[in-house]
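Single-structure report; data block below.
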Amino acid sequence: MNIPFSLPLIDTDVINEMHDTLTNTGWLTSGPKVVALEKEVQKLTTAKAVVCVNSWVSGAMLMLRWFGVGSGDEVIVPSYTYCATALACLNIGAKPVMVDVLDDFTIDPSKVKAAITSKTKAVIPVDIAGWPCNYDRINEIVSEPAVKKLFTPCSPNQEKLGRILVLADAAHSIGAFYKAKPVGTLADITVFSLHSVKNVTTGEGGAICLNLPAPFSHDEEYKFLKALSINGQTKSAFEKNQAGGWRYDIIAQGLKVNMPDLCASVGLAQIRKYQSVLLPERRKIFQFYSEHLAKHDWAILPTGETGERVSSFHLYLLRIKNISEKQRDQIIQKVSEKGVGVNVHYIPMPMLTLFKNLGYRMSDYPNTYQLYANEISLPVYNGLTEDKLKVVVETIAEAYYSTI
């Protein structure tokens with residue numbers, strides 16, 4: 001039985017929504033479907049405003065630029081995350097300052113505090129696998145008087161905020177909760193990924209959620225960010241295409257990172273039934289794995305729910321007790337040979353050539369390495385049947401016992 005690691009949900013609802021875009025709207029790039037998707041994300045998260053873009057990294061870069069982050073500035077990121085978290089900083093000239101993570105894969109707040117300098121402009125916590133970070137502690141740290149005193153504003157928005165920006169990398173965590181609050185409202189800025197492998201997908205895409213304090217106006221920031229996402233242009237092509245709407249202005253040095261209506265159509269069809277159908281199904285898959293793998297004393301199971309946090313169940317990060325990285329790789333090879341798709345999330349950034357060449361060393365992040373060395377990600381996506389889930393669990397167990 002062949003079981004892919006990930007499959008996007010392309011069902012009748014998606015096909016019908018795409019058909020409507022192609023045949024009834026007369027528009028393909030940013031237009032009414034994007035606006036409709038922004039409203040759906042806002043309804044799901046209760047964020048103050050939402051701007052859809054063409055990828056997570058585009059959204060993060062757009063917001064760092066909006067905040068005035070650039071050359072010479074520092075942004076604190078976890079060492080255990082996908083490279084995009086750090087690339088968003090590097091791409092605008094800032095330096096990613098990596099810190100180690102806790103045993104639940106989320107950024108260690110104590111390490112965040114120790115890494116803050118007068119050059120720190122932002123911190124990007126990551127909800128890895130859909131598990132929310134300790135947002136309360138991170139928000140407390142950036143608001144401490146001594147930390148705020150150290151902050152050196154270099155742009156109007158930095159002056160207005162008066163402290164380090166908390167920009168959540170929620171690429172995995174749409175639909176997750178922290179202390180009964182939805183992800184999207186826990187940081188100043190939250191960016192979701194809508195990539196093909198994510199819980200809600202637009203093929204490629206991202207959604208920026210704004211939750212800024214006073215005196216920021218979310219209506220004004222939404223309007224400005226929509227312009228900033230299309231080269232700083234005050235009108236989209238859709239708006240210019242309306243009768244008499246040709247005149248526009250360029251008000252800022254923007255980026256070209258807008259989401260097309262074609263992509264938004266896929267996400268619209270999915271997000272409308274995300275809370276009622278898609279997310280509960282992912283939760284059941286997660287629970288199935290935990291119930292069946294708990295029978296094995298070598299399985300270290302991820303947490304999906306506590307009284308304080310609820311995951312989006314994006315990934316199932318299984319860890320294998322008392323094995324080496326080499327043994328983990330051997331298990332993965334045997335599982336793959338049986339036709340079961342598994343993965344590793346992620347190869348830590350300090351192990352990758354780009355970051356090694358920039359001077360980052362894996363030895364500085366011991367907990368990150370320990371988590372990575374024995375981690376195997378199991379398939380979680382809508383449409384996985386119980387028969388297939390049983391095959392995944394049995395194949396993992398067989399591979400373990402034939403290796404160890």
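Against the list (1) in a loop (DSSP other than H, G, I, E, B); (2) at positive phi; (3) hydrophobic (A, V, I, L, M, F, W, C), the condition Ala129 fails is (1).
Among residues of segment 28-49 that are in the same structural domain as Ser229 (by TED's automatic domain parsing) and more than 25 Å from Lys181 (Cα to Cα), those with a Cβ under 9 angstrom from a residue that is of a type in the set (D, E, K, R) and surrounded by fewer than 21 Cβ atoms within 10 Å (Cβ to Cβ), sequence gap 6+ or separate chain, pair up as Gly31/Glu239; Lys33/Glu17; Lys33/Asp20. A search for C-beta distances below 8 Å between a residue of segment 157-182 that is not assigned by TED's automatic domain parsing to the domain that holds Ser58 and any residue that is surrounded by fewer than 24 Cβ atoms within 10 Å (Cβ to Cβ) and at pLDDT 95 or above, counting only pairs 6+ apart in sequence or on different chains, returns nothing. The set of residues from segment 80-91 being crowded, with 20+ Cβ neighbours inside 10 Å and assigned to a loop (DSSP other than H, G, I, E, B) comprises Tyr80, Thr81. Under the condition of being within 14 Å of Leu318 (Cα to Cα) and within 21 Å of the chain's Cα centre (by Cα), the residues counted in segment 361-404 number 8. Tallying residues that are among the hydroxyl-bearing types (Ser, Thr, Tyr) and surrounded by fewer than 24 Cβ atoms within 10 Å (Cβ to Cβ) within segment 170-213 yields 4.
Checked against (1) over 20 Å from Met259 (Cα atoms); (2) more than 16 Å from the chain's Cα centre (by Cα); (3) in a helix (DSSP H, G or I); (4) of a type in the set (A, V, I, L, M), Leu22 meets all criteria but (1). Restricting the search to helices (runs of 4 or more DSSP H) fully inside segment 220-307 and requiring at least 3 residues that are surrounded by 19 or more Cβ atoms within 10 Å (Cβ to Cβ) gives 261-271, 279-293.
So that you can scan it fast, the table gives a plain yes or no per residue for (1) assigned to a strand (DSSP E or B); (2) among the basic types (Lys, Arg):
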position	(1), (2)
Asp104	no, no
Ala114	no, no
Lys121	yes, yes
Cys154	no, no
Val166	yes, no
Leu186	no, no
Ser196	no, no
Thr201	no, no
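Arg309 meets the conditions (1) over 17 Å from Leu384 (Cβ atoms); (2) charged (D, E, K, R); (3) without any contact (Cβ under 8 Å) to a residue 12 or more places away in the chain in every case but one. The failed one is (3).
For Val53, the test of being under 26 Å from Ala180 (Cβ atoms), at pLDDT 95 or above, of a type outside the set (Ser, Thr, Tyr) and buried (at least 24 other Cβ atoms within 10 Å of the Cβ) is failed.
The values are calculated or read from the model by the stated rules, or taken from the named source; none is laboratory data. Please read all numbers here as calculations on a predicted model, not as lab measurements. For neighbour counting, all protein chains shown are included, and Cβ atoms are generated from backbone atoms with ideal geometry for every residue, glycine included.
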